[in-house]
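The values are calculated or read from the model by the stated rules, or taken from the named source; none is laboratory data. The model shown is predicted, which means the values in this text are computed figures rather than measured ones. Neighbour counts run over all protein chains shown; Cβ positions are idealised from the backbone, glycine included.
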Amino acid sequence: MEQLYGIFVYAVFLLTMGGIYAVLTLGLNIQWGFTGLFNAGVAGFFAIGAYTTAFLTTAPSARHFGGFELPAGAGMVAAMVASALIAWGVARICIRLRSDYLAIATLGIAEIFRLVLKNETWATNGARGVSLIPKPFEHLPEPWNQVAMLLLVFAIVLVLYGLLERARRAPWGRVMSAIRENEAAARAAGKNVDKLRIEAFILGAAIMGLGGALMAHHIKFIDPNMAEPVSATFLVWVMLVIGGSANNRGAILGALLVWTIWSTTEIITTRLPTEWALKAAYLRIFLVGLALQLILQRYPGGIFRERRLRTSTTASNRGGGSHP
Amino acid sequence: MMDFVNFHLIPGVVLGSIYALGAIGVTLTFGILRFANFAHGETMTLGAYLTLTLVLLTGWHALLFLPVALALTALLVLAMDRMFFRPLRHAPSIILVIASFGLMLMVRSLVQVIWGTELQGFSKGITLPWVLFDSLRVFPKHVVILTAAIALMVAVHVLLRHTRTGKAMRAMSDSPELARLTGIDTERVVRATWIVGAGLAAAAGIFLAYDSHVETLMGFKMLLPVFASALLGGLGRPYGAMAGGLVIGVVEELSTYAWIGSEPLLPPGYKAGVAFAIMVAILIWRPSGLFRGRVF
Amino acid sequence: MAAERPVLVLDRVTGGYGGAEIIHEISIILGRGEIVTLIGPNGAGKSSVMNAVLGTLVIGGGRILLHGEDITGTPPERVVRRGVSYVPQTANVFPNLTVNENLEMGAYVRTDDFRPRMDEMYELFAPLAGRRRSPAGTLSGGQRQMVAIAKALMVEPDILLLDEPTAGLSPRFREEIFAVVEDVNARGTPILMVEQNARQALGIADRGYVLVDGRNRTDGTGAGLLADPEVGAMFLGGGTAEPAPAPSPGAPIGTPAGTARGEARAGRRDPDARPPSAPGARRR
């Protein structure tokens, strides 16, 4: 019985993490799936969100900046705003450039954030990170506080899904898909392509910031290594590509699927002898990378393929199924 | 003043020549295969680790293995192209970027599995610098690295200007479509590009390891400066990449010099950010680079 | 047909890109030593005919024969190796390569010594001789066009395909390019050419095909088409306000003042090399 309870709590914890990854993947889907913007710095926006809420919601501490004891909700909103502001700056510079440039630039920005978080010890406590971040519903008894957090995360995922689906079907989303299909034609039709792209980049980054904030509250701790390209950016990319770009439902399912595989294999690798455990952890990254390559080559549309919207058939397509 | 030359300018030029070697590969791949290869940093790591293995097996000097390590790295990269890039040859370039991003992490994790993550070195001993004119201190290893790097760059120049394959590489960089319509064997040119790019990257990794140490993240740490060098020189421009690498290396080292007062201008922890700052400046003011590469 | 086998035959070829059909049952014949020109309004499918030969158009039906062998759907690099050289309308030189290097790349598929051929090219295109070491991108439009044609001729092709070689050139350069085309042809290379400047093109062409909406409309000798009032009304109105008065066959208008090039050329050529085609225009 006790063991079952332990598994239950663990499962709730893992599912919550999966939900948070779904938030990050939805954010990336706006940038890449809808708009075709390659953001190799998901980790950076994740970190901005996580540290913003950490500074605002923790109790005052000599180890790091902030300590305003604001409620978690305020921290999350601030996290989105902070990510959005930074994204605005990034997008203004890079949005007109070829997609490769954006990839290089965003990777660089994420690395710069990591440097700042590591080096500005007075503000961030350096590599030791910020701890004691309050978790929503902490006052509830175990395991209900965990369950409540899970419900909160999935409520956020559902709300985001609903909003993004609406945006996708709205004129905004249709113009986005038009830009993706044929940018020249969209420009010729008088669409302000750059402005729309900047909007999409900012929106996606804000959602990633929210994901970072949720993660900070969920595990109550954040350090610069969590903004490492492997753990954040790469996993989120794999989730989106496997789930199917431009497909919100695919993004969520991809996140849950990859996270389940990722965390259950972790259970196996941690049980190995120490010297093997480390190697197995790296081997796991290798295998996920291999899975990504296979999907790119064999299922370029992802496992859950995009549902294409045509302007003329939008009404009939509402809530419609996937294209063959 | 001599501190400036000894501890900033000379190391800067040496680092710059290493970046230049890496940047040539990035710029060639971009010009001919039309994508930014994120796995290029790991190619440098591979070169360094292959050399390390040979050194540990034989106990000989690392630079003796330069040709072997270059060839082995090139072979591995050709195999990677075959498995991961060739099936996507006609896909949009951004898909290739994603594939290279995935490959970057695959190679890194495999290196970590095979060689472990602790720092290692080619040799245990410490070499003393030559002292010239009483105050100029020059490390023999720096002279060796610089000489070898220059020799490799001259070799690239000869290849691009005076061989049929090199000219075909430049032609394909100008226009892949016309190259195909001219009857140029584009797959052969692609293979040549990988061989040259991988060989130079391996050399860069080996020189960096020879100058400091071998570690699994060394390639990733070089990736941004190398991209910045290629961008600065204008993507698709090998000579620009050489110049760009030198500039980035020197500026990185000079950024920590005490220009004002006795404190370093920039805390050493931020040295890695210099390349990035230069890159952003280029992206804002001159996306085609100093030597007018391609923008799209 | 005569005993002489045409070098290139398009036999009721249909094709397009990604589902959209652009050319429908097009038939074209290029005989040995001929200049054949394709004319027609924009979007008539002239360039697509070239792409069909090169294997970059998706063929839905029909056959393409090179020296009687079926090459339908062969990819471009193989078509080039079989002796078909193509000069695209734009981006037809490597701008960062020198003129010399461009010609060298033109000879990429050759394994023998191509230097005599290169010297020949500098003879044929005299203005290039002084610019051997200049990057092709720094040349004038007319000279760049010469580099493109010279580059294509480096392999001593069996057929030269020219896609609007005079597009965007000033009248002076246009004259020069047409003269070069005639010169190249006179040395024995059959040429299939798409041209906007229909009057001049038909003036130097042995035969011409008029394409409309991706279909054969009319064909005939160059002179015959020039004389055809319908063709005149459709394509040759360019410079003159009215359709040109029907000239006598063999004295084409649109050629430089008074030089009856068509006849002069016909005279210096082995008549057997010409594929049989009825004099004057033949309507479908």
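Quick check on the range B:63-80. Is at least one of its residues within 14 Å of chain A (Cβ to nearest Cβ) and within 21 Å of the chain's Cα centre (by Cα)? Yes: one or more hits.
Restricting attention to the range A:271-286, the residues that are more than 9 Å from chain B (Cβ to nearest Cβ) and either hydrophobic (A, V, I, L, M, F, W, C) or within 25 Å of the chain's Cα centre (by Cα) (or both) total 3.
Residue count for the range B:265-283 under the criterion of being within 17 Å of residue A:118 (Cβ to Cβ), more than 9 Å from chain A (Cβ to nearest Cβ) and assigned to a loop (DSSP other than H, G, I, E, B): the result is 1. Note on the range A:171-248: enclosed helices (runs of 4 or more DSSP H) holding 3 or more residues that are more than 12 Å from chain B (Cβ to nearest Cβ) are A:171-181, A:183-188, A:193-219. Taking helices (runs of 4 or more DSSP H) as the structural unit, those lying wholly within the range C:75-140 and holding at least 1 residues that are at the interface with chain B (Cβ under 9 Å from one of its Cβ atoms) and under 22 Å from the mean Cα position of the chain (by Cα) correspond to C:76-81, C:99-106. Taking the conditions (1) surrounded by fewer than 17 Cβ atoms within 10 Å (Cβ to Cβ); (2) within 30 Å of residue A:244 (Cα to Cα) in turn, residue B:96 satisfies each one other than (1). Criterion applied to B:56, B:105 was being over 19 Å from residue A:286 (Cα atoms) and aliphatic (A, V, I, L, M), and the one residue passing it is B:56.
Looking across the range C:37-81, just one residue is of a type in the set (Lys, Arg) and surrounded by 17 or more Cβ atoms within 10 Å (Cβ to Cβ), and that is C:46. Among the residues of the range C:222-239, those that are more than 14 Å from residue C:38 (Cα to Cα) and modelled with pLDDT under 70 comprise C:237, C:238, C:239. Looking at A:241, A:258, A:193 in this structure, which one is β-branched (Val, Ile, Thr), under 13 Å from residue A:29 (Cα atoms) and out of contact with any strand residue (DSSP E or B) (no Cβ under 9 Å at 6 or more places or on another chain)? That would be A:241, the only listed residue that is β-branched (Val, Ile, Thr), under 13 Å from residue A:29 (Cα atoms) and out of contact with any strand residue (DSSP E or B) (no Cβ under 9 Å at 6 or more places or on another chain). Contact map, the range C:106-133: residues that are closer than 22 Å to residue B:162 by Cβ paired with residues that are modelled with pLDDT of 90 or more and among the small types (Gly, Ala, Ser), Cβ distance under 6 Å, separation 6+ or inter-chain. Pairs shown: C:114/C:107; C:121/C:150; C:122/C:129. With respect to being buried (at least 24 other Cβ atoms within 10 Å of the Cβ), within 12 Å of another protein chain (Cβ to nearest Cβ) and not in a helix (DSSP H, G or I), residue B:30 falls outside the description. Where helices (runs of 4 or more DSSP H) sit wholly within the range B:152-264, those with at least 1 residues that are within 18 Å of the chain's Cα centre (by Cα) and buried (at least 24 other Cβ atoms within 10 Å of the Cβ) occupy B:186-211, B:218-233, B:238-254. Residue count for the range A:1-26 under the criterion of being buried (at least 24 other Cβ atoms within 10 Å of the Cβ) and more than 17 Å from residue A:257 (Cα to Cα): the result is 0.
Residues that are modelled with pLDDT of 85 or more and away from chain B (no Cβ under 12 Å): which helices (runs of 4 or more DSSP H) entirely in the range A:56-135 hold 2 or more of them? The helices (runs of 4 or more DSSP H) meeting that bar are A:72-94. Within the range B:104-133, the residues that satisfy the criterion of being assigned to a helix (DSSP H, G or I), more than 7 Å from every other protein chain (Cβ to nearest Cβ) and touching an Asp or Glu at 6+ places or on another chain (Cβ under 9 Å) are B:104, B:107, B:108, B:111.
None of A:48, A:7 is modelled with pLDDT of 90 or more and more than 14 Å from chain B (Cβ to nearest Cβ) except A:48. Applying the condition of being surrounded by 14 or more Cβ atoms within 10 Å (Cβ to Cβ) and free of Cβ contacts under 8 Å to residues at least 60 places away in the same chain to the range A:179-199 and asking which residue is nearest to residue A:253 (Cα to Cα) yields A:199. Looking at the structure I just gave you, is residue A:151 free of Cβ contacts under 8 Å to residues at least 12 places away in the same chain, within 18 Å of residue A:245 (Cα to Cα) and assigned to a helix (DSSP H, G or I)? No. Taken across the range C:4-13, residues that are of a type outside the set (A, V, I, L, M), part of a strand (DSSP E or B) and over 21 Å from residue B:186 (Cα atoms) do occur, with at least one present.
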